[in-house]
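The values are calculated or read from the model by the stated rules, or taken from the named source; none is laboratory data. Just so we're clear, the structure is a prediction, and the values are computed from it rather than from any experiment. For neighbour counting, all protein chains shown are included, and Cβ atoms are generated from backbone atoms with ideal geometry for every residue, glycine included.
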Amino acid sequence: MIQRQKGTIDIYGDIAKKWKYIDSIVDMVAEKYNYGYIRTPIFEDFSLFHRGIGDSTDIVSKETYDFLDKGGRRIALRPEGTAGVVRAYIENKMFGDPVQPKKFYYNGTMYRYERPQSGRDREFTQFGAEILGSDDPISDAEVIALAISIFKMLGLKDLKVKLNTLGDTESRNKYRQVLIDHFKPHIDEFCEDCKERINKNPLRILDCKIDNENKLMKTAPKTIDYLNDESRERFEKVQEYLDVMGIDYEVDPTIVRGLDYYNHTVFEIEDTNPNMGLNKVILGGGRYNGLAEQIEGPATPGVGWASGAGRVVDALEAEGVELPIDDGIDMFFLYVNDEEKRSALYYANELREAGYSVDTEFTGKSLKSQFKKADRLNARYIAVLNSEDLKNGEIKIKNNQTKEEEVVSAEALIYFMDEKLNTFSEEDFDIDELMKTKKVKEDK
RNA sequence: GCGUCAUUGGUGAAGUGGUUAACACGCUGGUUUGUGGCACCAGUACGCGAGAGUUCGAUUCUCUCAUGGCGCCCCA
């Protein structure tokens, strides 16, 4: 049997509804912040992700899903969204657009060639946002605000923003050296991986799970202490702007990005719910002023983030958030004979065009099993078609909650549905409650 | 790439080197010729991830592969 590829998943049924709902919230909130939807190719030239030199070059090529196409071109499936967006910005000369900065959001599948494990598949979905063309800290703050808005709108509550700065290249290099000087004399006390990391990417020692109790970790120098004035001021501004928007955050000196094009602001958002397990980070991002130049475009400052949709689903699960996913259908048509079947088809079609969700029997099973099916589909009403009734221009409709049955004129079927399903009841809208929440907002 | 545990029907799963692979849910039909969700009865794996080996005989033992879970590396 042909099975799906390692590290891929099929999304369908109720889970698919969740994903669609998340997508719709991302769209809605991003549009409110005036971010434009961008869709870049899933495959790109390998070198887009394998540019230049740096600590992480080996890693990037090791885990990139790449291949030679029939023309001998080296193709990579995109491992992340940012590089493609920056490439598109440059290639389409969007830097020439009079409205700057350009603000983008995307949502799509990404690929990494690695062994699947908890929360990590080979094909996975990320949504993300980028601001290109602004070096002002307001953009750092806004992009974080957008992320928080999306998560809040989804119903997540246990959110923690962790913020740090890597400073500019000068500050970063200085810090890097100080860090090496700090760990090097005692590197024997650390794990094998850290002994590697001190040469390849010393910042990542701070992330080590094995050595995190080592006293040198706590006494390790902090990036903040090695910032030059410009970098420090910028970091303070980012915090100031977050304060203005009332966004809680925590400065965490251990937040570090693996890739070397990051500078200045870096951040992560965690879901702190105890049910989350090991993978608490649901979003990561930062400023990448050097990236555009690395891919041979005009120097363009940028800041953005990406969030794994799978992790967000996990977070919703962990927090027990009930998504307002409308399941169930308005009407299910039952029939037995062929004449009734045609009527089912006719009226189902009519109701669908009037905007109702309707289904009917396909397999011609017993009435008993049709009732069961209607229940499974969570039908609010069941129409039991009967030749006798149809002759009189009538349809028997059963309310599947109350089990009450009434005979309705077939002509007035849509009117019947309008009356039953389309009216606002007092319970749907609690005006006082709405006003109360509005007031609280205004008081702030 | 490394380590580790797993893989039995539509689903959850039990199980043994040897005539019929439990049990439950579900599904189909019937009791009840076209108003169900209850109850009872019956049916429901030419098959135990794939391939090879050991054996008189393997779903059960061994090996290889595939996939999954967890962890490591790495994490954009």
*Any residue in the range A:33-56 that is at pLDDT 95 or above, in a loop (DSSP other than H, G, I, E, B) and of a type in the set (Phe, Trp, Tyr)?*
yes
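State all residues of the range A:111-140 that are among the hydrophobic types (A, V, I, L, M, F, W, C), at pLDDT 95 or above and within 15 Å of RNA strand B (Cβ to nearest atom); if no residue qualifies, say none.
A:127, A:129
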*Which one of these is among the acidic types (Asp, Glu) and under 22 Å from residue A:117 (Cβ atoms): A:236, A:268?*
A:268
*Among residues belonging to the range A:63-89 that are over 30 Å from residue A:115 (Cβ atoms) and modelled with pLDDT of 95 or more, point out the one that is surrounded by the fewest Cβ atoms within 10 Å (Cβ to Cβ).*
A:88
_Return the residues of the range A:68-101 that are in contact (Cβ under 8 Å) with a residue 40 or more places away in the chain and within 26 Å of residue A:312 (Cα to Cα); say none if nothing qualifies._
A:80, A:81, A:82, A:83, A:84, A:85, A:86
*Check residue A:186 against each of (1) within 28 Å of residue A:136 (Cα to Cα); (2) away from RNA strand B (no atom under 16 Å from the Cβ) and name the one condition it does not meet.*
(1)
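Look through the range A:132-171, keep the residues that are charged (D, E, K, R) and over 30 Å from residue A:93 (Cβ atoms), and return whichever of them is surrounded by the most Cβ atoms within 10 Å (Cβ to Cβ). Before the answer, list the steps.
Step one: filter the range A:132-171 for residues charged (D, E, K, R), giving A:135-136, A:140, A:142, A:152, A:157-158, A:160, A:162, A:168, A:170.
Now drop any that are not over 30 Å from residue A:93 (Cβ atoms), which leaves A:152, A:157-158, A:160, A:162, A:170.
Numbers: A:152: 13, A:157: 12, A:158: 16, A:160: 15, A:162: 18, A:170: 14.
Restricting to residues being charged (D, E, K, R) and over 30 Å from residue A:93 (Cβ atoms), the top hit is A:162.
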*Quick one: which helices (runs of 4 or more DSSP H) lie wholly within the range A:95-202 and hold at least 3 residues that are in contact with a Phe, Trp or Tyr (Cβ under 7 Å, 6 or more places away or on another chain)?*
A:137-154, A:169-183
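Looking at the range A:350-414, what strands (runs of 3 or more DSSP E) fall wholly within it and have at least 3 residues that are more than 12 Å from RNA strand B (Cβ to nearest atom) and either of a type in the set (Val, Ile, Thr) or under 44 Å from the mean Cα position of the chain (by Cα) (or both)?
Values: elements: A:358-360, A:379-384, A:394-399, A:405-409.
Fully inside the range A:350-414 and qualifying: A:358-360.
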